[in-house]
1. So which of 48, 78, 12 ends up being over 30 Å from residue 148 (Cα atoms) and surrounded by fewer than 20 Cβ atoms within 10 Å (Cβ to Cβ)?
2. Could you check residue 50 against (1) closer than 30 Å to residue 153 by Cβ; (2) touching a residue at least 24 places away in the same chain (Cβ under 8 Å) and say which number it fails?
3. May I ask you to list the residues in the range 135-154 that are touching a helix residue (DSSP H, G or I) at 6+ places or on another chain (Cβ under 9 Å) and either under 17 Å from residue 66 (Cβ atoms) or without any contact (Cβ under 8 Å) to a residue 60 or more places away in the chain (or both)?
């Protein structure tokens with residue numbers, strides 16, 4: 001590892017992007033150790049890979065749910081992928097839970113609107129970027145097929 005790249009930089013970049021260690025290292029080397037530039041490079045790479053996968057079929061997937069602690073707000077999200085193997089992974093299920101929580105909190109009206117929204121947990125990233133990162137991580141197309149939000153008025 002070149003001297004200008006530290007373990008702390010690698011750790012910080014991995015926390016920002018959830019990318020693999022080797023991808024983080026390559027991005028830091030390409031940006032001469034600048035963590036923010038490396039994060040942007042990894043996000044662009046994930047988006048390019050997701051675009052390449054866009055024409056693939058995503059027939060598998062699962063439905064996830066979120067119920068707010070007050071039990072007056074809930075959401076269901078159908079998240080699709082290419083294989084049932086990926087649908088059973090922790091990475092896929094984590095994304096599904098995050099999306100369901102986001103839908104409950106932000107009340108989008110359509111999938112396109114959902115994808116364009118800033119993520120409620122980290123507003124500097126959009127939902128589309130979050131999905132693209134997961135797609136790059138699992139190596140398959142990942143897409144939100146549909147969702148529903150439920151609210152009980154007082």
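1. Numbers: 48 fails: over 30 Å from residue 148 (Cα atoms); 78 fails: over 30 Å from residue 148 (Cα atoms).
Answer to the check: 12.
2. (1)
3. Of the range 135-154, the ones touching a helix residue (DSSP H, G or I) at 6+ places or on another chain (Cβ under 9 Å) are 135-151.
Selection gives 138, 139, 144, 145, 146, 147, 148, 149, 150, 151.
The numbers here are math on the coordinates, done by the rules we state, and not lab data. What you see is a predicted model; the values in this text were computed from it and never measured. Here Cβ is always computed from backbone atoms with ideal geometry, including for glycine, and neighbour counts include all displayed protein chains.
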